[in-house]
Amino acid sequence: MVALLNGITMGGGAGVSIPGMLRVVTDKTVCSNFACSHKLALIEEQLGKLDTDDPSVIETSFEKYSDLVYLDNIIVIHRIEILDKCFSHDTVEEIIDALETRTDFHGMQF
């Protein structure tokens with residue numbers, strides 16, 4: 001199984017894909033095995049050409065598509081402590097109130 005992750009990956013989607021042996025993650029997802037989303041079609045094409053289930057061969061074939069990532073300060077992962085505090089409340093209403101009263105989420109990408 002090769003998981004192609006593009007966008008917010010959480011819950012069941014993350015639970016199914018992240019424990020897998022091989023993952024491809026685009027710039028729209030905050031994870032590892034990173035590749036820019038415009039390369040996703042090339043990665044899918046490369047997968048179609050492979051005639052093996054050897055994980056090391058598959059992983060090596062992805063190397064030419066990987067990119068180093070430097071996350072912008074507006075990415076939500078830089079505010080994880082704030083999110084933890086907001087989501088520590090007991091009710092949905094309290095969580096929503098905590099999120100809505102924060103001014104440091106304006107302009108952030110989720």
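Observations on the model:
- Residue satisfying all of: in segment 54-110; modelled with pLDDT under 85 and small (Gly, Ala, Ser); surrounded by the most Cβ atoms within 10 Å (Cβ to Cβ) among these: Ser66
- Qualifying residues in segment 12-40 (those that are open to solvent by 50 Å² or more (accessible area, probe 1.4 Å), part of a loop (DSSP other than H, G, I, E, B) and more than 18 Å from Ser56 (Cα to Cα)) - the one modelled with the lowest pLDDT: Cys31
The values are calculated or read from the model by the stated rules, or taken from the named source; none is laboratory data. The structure displayed is predicted, hence computed values, not measured ones. Please note: Cβ atoms are built from the backbone with ideal geometry, for glycine as well, and neighbour counts cover all protein chains shown. Accessible surface areas use protein heavy atoms only, side chains included; no ligands, DNA or RNA. Shrake-Rupley method; radii C 1.70, N 1.55, O 1.52, S 1.80 Å.
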